[in-house]
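K.L.:
Questions regarding the structure given below will be posed in turn.
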């Protein structure tokens with residue numbers, strides 16, 4: 001998906017955003033639900049106040065950042081390239097990749113923050129396919 005196509009989708013839904021250099025920062029106050037999208041352009045940062053729902057997304061480009069206030073739903077995603085970062089306020093649903101919510105994944109290590117573990121695994125290419 002091109003940056004222009006993504007901006008059109010944001011405009012259709014009434015979601016606010018800012019362009020900061022090569023980044024497109026989604027700044028909507030509440031939840032962002034873009035469940036029909038199957039891809040995103042590079043350089044997207046979700047900094048909205050609520051959840052991010054991207055249920056049909058099948059791929060993410062490197063450099064996408066989740067800094068939203070609540071959870072992230074990526075039900076159909078089957079890989080995560082290095083450069084994707086989760087710094088959102090709650091859990092991450094990776095149904096087709098790990099079978100559910102990352103906080104509940106059996107591979108978590110007691111005493112280690114689950115999103116720190118997830119980001120470390122992403123940076124090492126563990127979820128690339």
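The values are calculated or read from the model by the stated rules, or taken from the named source; none is laboratory data. Since the structure is predicted, the reported quantities are computational estimates derived from the model, not experimental observations. Cβ sites come from the backbone with ideal geometry, for glycine too, and all protein chains shown count toward neighbours.
K.L.:
Looking for something assigned to a strand (DSSP E or B) and touching a residue at least 24 places away in the same chain (Cβ under 8 Å) - is there at least one such residue anywhere in the range 105-116?
P.N.:
no
K.L.:
Of all residues in the range 83-111, count the ones that are loosely packed, with under 15 Cβ neighbours inside 10 Å and farther than 23 Å from residue 31 by Cβ.
P.N.:
Counting residues in the range 83-111 that are loosely packed, with under 15 Cβ neighbours inside 10 Å and farther than 23 Å from residue 31 by Cβ gives 8.
K.L.:
Which one of 75, 33, 67, 47 is free of Cβ contacts under 8 Å to residues at least 24 places away in the same chain and touching a helix residue (DSSP H, G or I) at 6+ places or on another chain (Cβ under 6 Å)?
P.N.:
75
K.L.:
Looking at the range 85-93, can you tell me whether even one residue there is at pLDDT 95 or above, assigned to a loop (DSSP other than H, G, I, E, B) and out of contact with any helix residue (DSSP H, G or I) (no Cβ under 9 Å at 6 or more places or on another chain)?
P.N.:
yes
K.L.:
Could you list, in sequence order, the residues of the range 43-62 that are closer than 20 Å to residue 20 by Cβ and crowded, with 18+ Cβ neighbours inside 10 Å?
P.N.:
Those that are closer than 20 Å to residue 20 by Cβ and crowded, with 18+ Cβ neighbours inside 10 Å: 43, 44, 45, 46, 47, 48, 52, 60.
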